[in-house]
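**Student:** Let me give you the structure first, and then I'll get to my questions.
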Amino acid sequence: MTATLETLFAARVREVTPPLFGAAGEPARPLISLAYGLADPALFPRAELMAAAAEVLAYEAADSLNYAMSYPGLTDQIVARLRAEGVDAQPEQVLVGYGSGQILALLPEIFVDPGDTVIIEGPSFLGAVRRFVQSGARLVTIPVDEYGMDVTALADTLRALAAEGRRPKFIYTIPTFHNPTGVTLTLERRRQLVALAAEYGAPVVEDDAYLDLRFTGESLPSLAALDQEGWVIRVGTYSKILAPGLRIGWVHARREIIDRLLMVKAEGTTGPFITRVVARYSADGRLEQHIAALRRHYATKCEVMAAAIRRHFPAEARFVMPAGGFFIWVRLPEGVSAGTLLNAARARGAEFLPGTACFAEPGHGDDAIRLAFSFQSSERIEQGIAAIGAAFADV
Ligand SMILES: Cc1ncc(COP(=O)(O)O)c(C=O)c1O
């Protein structure tokens, strides 16, 4: 008898799902990919990062190259940014991780036992949602409209769950420049959401990866800034404002939560070297200057994409112009399937993310597509959108 490995795998990884960013870095394909929210390589501050890395090696080699804690100076900078945003942040309430993706993977480990309820948005960032599923969470999906999560539907859901004696372990939301829809939760809904969290004792995981990348309009307070009772777990990242390859993200939450996260975070610390490089780079207002440049640059590319969509897509294709972030979410004309359109678009040399890749349950999202304007140049965005526009005629 030949023994197989299959039954040895833990239930949560028995079925193989393809890695989320598997296709992202494949340069061999001639396609113009608008599928993934990669940063624009033209904007990486390479010289300044080289100088920061050289300084760390020159002056802090003993600490940065040894087994050591992540650099407290970076935590102080994160706290300062949170305070500027109106959050009563404390350094002992911050944990730095290898990207916010790591933090989002650790949160279900400390909250979810199999069968527990987690509330998510539909559509959402599946990179995080898949981790919740792996922990055995029962997902409940709340729809997102042009004003963000439907907070009335959330209130109904929380009431119904409470009637069944079910208290959600957390509510996962991307309130600002949502991935994938680009929409932003209104101030009124933000207040309602924070009030519901307190009323039902349900933590809110606020994933504000795109918060700093606002192109137009006034900033809104983060949920963490509105929260008076500590129910908001604020997750942030340097991936969208500096470089994803640095792998630096963070979480601000009650100390009880930080303590538990440290129990499940295998290394206990995060990159003594890279945290120093990021802190040196960011010092003296340089990060804020860089963010201002990113906002202008991404705003232009968003405009280019929106104009190209208006020119090349059928008039019945609809989208809400995002006020920031990386994505435009297009609702397809009646009867057009995202899956079918994707095949036709690939044949014409471009690709996008079908809406189905943004919903946890099957059977949703085939009427929409996500287009990332972050990575490709304006010229390639124009070409890619033209190719997808031509694909509409093919289907
Ligand atoms: C909403 C959202 N959260 C988190 C992440 C992960 O970012 P990080 O690079 O910090 O792991 C992404 C990346 O695309 C994202 O879109």
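**Student:** Considering only region 91-117, state which residues are among the hydrophobic types (A, V, I, L, M, F, W, C), in contact with a strand residue (DSSP E or B) (Cβ under 8 Å, 6 or more places away or on another chain) and either within 13 Å of the ligand (Cβ to nearest atom) or within 14 Å of Ala266 (Cβ to Cβ) (or both).
**Tutor:** Scanning region 91-117 gives Leu95, Val96, Ile103, Leu104, Leu106, Leu107.
**Student:** Something else now. With (1) within 24 Å of the chain's Cα centre (by Cα); (2) over 19 Å from Pro41 (Cβ atoms); (3) buried (at least 16 other Cβ atoms within 10 Å of the Cβ); (4) not aromatic (Phe, Trp, Tyr) as the list, and Gln376 as the residue in question, which single condition is left unmet?
**Tutor:** (2)
**Student:** Give the residue that is farthest from the ligand (Cβ to nearest atom), with candidates limited to residues of region 124-171 that are under 23 Å from Ala224 (Cβ atoms) and part of a loop (DSSP other than H, G, I, E, B).
**Tutor:** For region 124-171, the residue satisfying everything is Arg167.
**Student:** Still on this structure, please answer the following. Before we move on, is Thr176 near the ligand (Cβ under 10 Å from one of its atoms) and either at pLDDT below 95 or in contact with a helix residue (DSSP H, G or I) (Cβ under 6 Å, 6 or more places away or on another chain) (or both)?
**Tutor:** no
**Student:** Considering every residue within region 200-223, establish whether at least one is of a type in the set (Gly, Ala, Ser), farther than 16 Å from Thr173 by Cα and within 10 Å of the ligand (Cβ to nearest atom).
**Tutor:** no
**Student:** Right, another one. Within region 230-265, can you find the residues that are without any contact (Cβ under 8 Å) to a residue 60 or more places away in the chain and away from the ligand (no atom under 16 Å from the Cβ)?
**Tutor:** Within region 230-265, Gly230, Trp231, Glu256, Asp259 qualify.
**Student:** Considering only helices (runs of 4 or more DSSP H) fully contained in region 207-301, which possess at least 1 residues that are among the charged types (D, E, K, R)?
**Tutor:** The qualifying helices (runs of 4 or more DSSP H) are 255-264, 272-282.
**Student:** Those residues that are surrounded by fewer than 21 Cβ atoms within 10 Å (Cβ to Cβ), of a type in the set (Gly, Ala, Ser) and in contact (Cβ under 8 Å) with a residue 12 or more places away in the chain, I need them from region 311-327; list them, please.
**Tutor:** Within region 311-327, Ala317, Ala323 qualify.
**Student:** Hey, another quick one. Test Ala308 against the stated conditions and say whether it is under 18 Å from Phe392 (Cα atoms), touching a residue at least 60 places away in the same chain (Cβ under 8 Å) and either among the aliphatic types (A, V, I, L, M) or assigned to a helix (DSSP H, G or I) (or both).
**Tutor:** It is true that Ala308 is under 18 Å from Phe392 (Cα atoms), touching a residue at least 60 places away in the same chain (Cβ under 8 Å) and either among the aliphatic types (A, V, I, L, M) or assigned to a helix (DSSP H, G or I) (or both).
The values are calculated or read from the model by the stated rules, or taken from the named source; none is laboratory data. Because the structure is a prediction, the values reported are computed rather than measured. Neighbour counts are summed over all protein chains in view; Cβ atoms, including those assigned to glycine, are modelled from backbone coordinates with ideal geometry.
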